[in-house]
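Worksheet for the structure shown next.
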Number of protein chains: 2
Amino acid sequence: MSEAIDDAALDALFREARTHNAWIDRETPDELLRRAYDLAKMAPTSANCQPMRVIFVRSEAEKKKLEPCLMEGNREKTMKAPATAIIGYDVEFFEELPRLFPHTDARSWFAGKPKAAETNAFRNGSLQGAYLLLACRAVGLDCGPMSGFDNAKVDEAFFKGTTIKSNFLMNIGYGDPSVLHDRSPRPAFDDFCKIV
Amino acid sequence: MSEAIDDAALDALFREARTHNAWIDRETPDELLRRAYDLAKMAPTSANCQPMRVIFVRSEAEKKKLEPCLMEGNREKTMKAPATAIIGYDVEFFEELPRLFPHTDARSWFAGKPKAAETNAFRNGSLQGAYLLLACRAVGLDCGPMSGFDNAKVDEAFFKGTTIKSNFLMNIGYGDPSVLHDRSPRPAFDDFCKIV
């Protein structure tokens, strides 16, 4: 039974944090990316399947490989971001289940069932992408997640010959709050939720 | 530019929090479910599309509707949980975009493109499910997310006549830590991530 976290943490994770498109000149150490993943991996996935696979693109050469895969409007901000995470999921995640979920034969739930495996990988890989985003914020980083890119091109450039598919991209660094627009409107609880 | 959150908050959200299957006798007010959603909705979705739709099942009558949809092993714990969130996504989320993303015609990116809409709704609805899970923890609640149920049966029982599909379920309340098993092993950063 946990206690609620304090207002400053709620602000940093949810209420005041924003999606960033411009970055200040401040070092973003690899160590913080590692810390964020090591937090995110603690959060739950179905049968601890952990299907997310991440390439953190930092070098200029690898950024250049990514650039033509992006929609025009996402290119400049991504080239300037200290890091861009390619968040993917392994459709054969089940090969890791004997290690990750050792107390039962969970591999057999998915092996030879590509549709179930794909759905599970996409769902749980997306959950993990959200955990990673909030974990980045938790270690003080800002994020700029994006779907505006060609998944097939990213898969060809970064995941060729593997069973990994790209899901979404996320720029990471320290955002420049001076150029943020107003936040888009949020729905009320009763717009999209009900209690029955 | 945010500051990192403190160790106690990291523990409550990621490091010490666990998936719970048993619940202590402590009131779980509707108000906390509302607070959790009102935090989760602040986190990013693509074009602020907010495709997640949630039914928080609390009454015995609605729990009884849910019971036959569950895998046998998930029934007892779900019937005993103070609340069970049915986390769904609206494949016609784009009808809300003129309100949620008013500064451009984002509706046209998805209207009449059911495959793109479904993928976007499933990805972003899953992100939002993860935000909601961590937001529940942030307000002091424990969660028990589950994929072990018949999606078609849940859709028939709770979303009939709508464009909403079930994604996953999540029991919510105050967990009983005395009956937890050991945590499943987590991967190392270098198992599933690289920096290039």
Scanning segment B:140-150 for residues that are out of contact with any Phe, Trp or Tyr (no Cβ under 9 Å at 6 or more places or on another chain) and open to solvent by 10 Å² or more (accessible area, probe 1.4 Å), which turns out farthest from the other protein chains (Cβ to nearest Cβ)? B:Asp150
Can you tell me which residue is most open to solvent (accessible area, probe 1.4 Å) among those in segment A:106-136 that are free of Cβ contacts under 8 Å to residues at least 40 places away in the same chain and of a type in the set (Lys, Arg)? A:Lys115
Residues B:Val91, B:Val154: which one is touching a helix residue (DSSP H, G or I) at 6+ places or on another chain (Cβ under 6 Å), open to solvent by less than 10 Å² (accessible area, probe 1.4 Å) and not aromatic (Phe, Trp, Tyr)? B:Val154
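Sort out which residues of segment A:179-196 are in contact (Cβ under 8 Å) with a residue 12 or more places away in the chain and either more than 28 Å from B:Leu33 (Cβ to Cβ) or more than 11 Å from chain B (Cβ to nearest Cβ) (or both), and write them in order of number.
Narrowing segment A:179-196 to residues in contact (Cβ under 8 Å) with a residue 12 or more places away in the chain: A:179-180, A:183.
Within segment A:179-196, A:Val179, A:Leu180 qualify.
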Looking at segment B:58-73 only, could you name the residues that are surrounded by 12 or more Cβ atoms within 10 Å (Cβ to Cβ), more than 16 Å from B:Lys165 (Cα to Cα) and within 11 Å of chain A (Cβ to nearest Cβ)? B:Arg58, B:Glu62, B:Lys63, B:Lys65
Which of (1) in contact (Cβ under 8 Å) with a residue 24 or more places away in the chain; (2) within 30 Å of A:Phe149 (Cβ to Cβ) does B:Lys77 not meet, given it meets every other one? (2)
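Quick check: anything in segment A:88-102 hydrophobic (A, V, I, L, M, F, W, C), in contact (Cβ under 8 Å) with a residue 60 or more places away in the chain and more than 14 Å from A:Gln50 (Cβ to Cβ)? Walk me through it before giving the result.
As a first pass, look at segment A:88-102 and keep what is hydrophobic (A, V, I, L, M, F, W, C): A:91, A:93-94, A:97, A:100-101.
So of that shortlist, the ones also in contact (Cβ under 8 Å) with a residue 60 or more places away in the chain come out as A:91.
In the following step, the residues that additionally are more than 14 Å from A:Gln50 (Cβ to Cβ) were identified as none.
No, because not a single residue in segment A:88-102 is hydrophobic (A, V, I, L, M, F, W, C), in contact (Cβ under 8 Å) with a residue 60 or more places away in the chain and more than 14 Å from A:Gln50 (Cβ to Cβ).
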Within segment A:15-43, which residues are among the hydrophobic types (A, V, I, L, M, F, W, C) and in a loop (DSSP other than H, G, I, E, B)? A:Ala17, A:Ala22, A:Ile24, A:Met42, A:Ala43
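Let's see how each residue does on (1) touching a strand residue (DSSP E or B) at 6+ places or on another chain (Cβ under 7 Å); (2) closer than 16 Å to B:Ile87 by Cβ; (3) among the hydrophobic types (A, V, I, L, M, F, W, C):
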residue: B:Arg26; (1), (2), (3): no, no, no
residue: B:Ala36; (1), (2), (3): no, yes, yes
residue: B:Gln50; (1), (2), (3): no, yes, no
residue: B:Ser59; (1), (2), (3): no, no, no
residue: B:Pro68; (1), (2), (3): no, no, no
Of the numbered conditions (1) of a type in the set (A, V, I, L, M); (2) part of a helix (DSSP H, G or I); (3) surrounded by fewer than 21 Cβ atoms within 10 Å (Cβ to Cβ), A:Ala47 satisfies every one except a single condition; which is it? (3)
Given (1) modelled with pLDDT of 95 or more; (2) small (Gly, Ala, Ser); (3) in a loop (DSSP other than H, G, I, E, B); (4) more than 15 Å from the chain's Cα centre (by Cα), A:Ala12 misses just (3)
Can you name the residue in segment A:17-32 that is at the interface with another protein chain (Cβ under 7 Å from one of its Cβ atoms) and either open to solvent by less than 30 Å² (accessible area, probe 1.4 Å) or without any contact (Cβ under 8 Å) to a residue 60 or more places away in the chain (or both) and is also farthest from A:Arg183 (Cα to Cα) among such residues? A:Asp30
Looking at segment A:160-174, which of its residues are open to solvent by less than 10 Å² (accessible area, probe 1.4 Å) and either more than 8 Å from chain B (Cβ to nearest Cβ) or over 17 Å from the mean Cα position of the chain (by Cα) (or both)? A:Ser166, A:Leu169, A:Met170, A:Asn171, A:Ile172, A:Gly173
Considering each residue of segment A:50-91, count those that are over 30 Å from A:Phe101 (Cα atoms) and either aromatic (Phe, Trp, Tyr) or over 16 Å from the mean Cα position of the chain (by Cα) (or both), and give that number. 21
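Please work out if A:Ala47 is over 19 Å from the mean Cα position of the chain (by Cα) and of a type in the set (Gly, Ala, Ser). Spell out the reasoning first.
Working: over 19 Å from the mean Cα position of the chain (by Cα): yes; of a type in the set (Gly, Ala, Ser): yes.
Criteria met by A:Ala47.
Tally the residues that are in a loop (DSSP other than H, G, I, E, B) and of a type in the set (A, V, I, L, M), restricting the search to segment A:73-92.
Here the count works out to 2.
The values are calculated or read from the model by the stated rules, or taken from the named source; none is laboratory data. The shown structure was predicted, so the numbers you read here are calculated from the model rather than taken from an experiment. Heads up, the Cβs are rebuilt from the backbone with ideal geometry, glycines too, and the neighbour counts pull from every protein chain shown. These area figures cover heavy atoms from the full protein model, side chains too; ligands, DNA and RNA do not enter into them. Shrake-Rupley method; radii C 1.70, N 1.55, O 1.52, S 1.80 Å.
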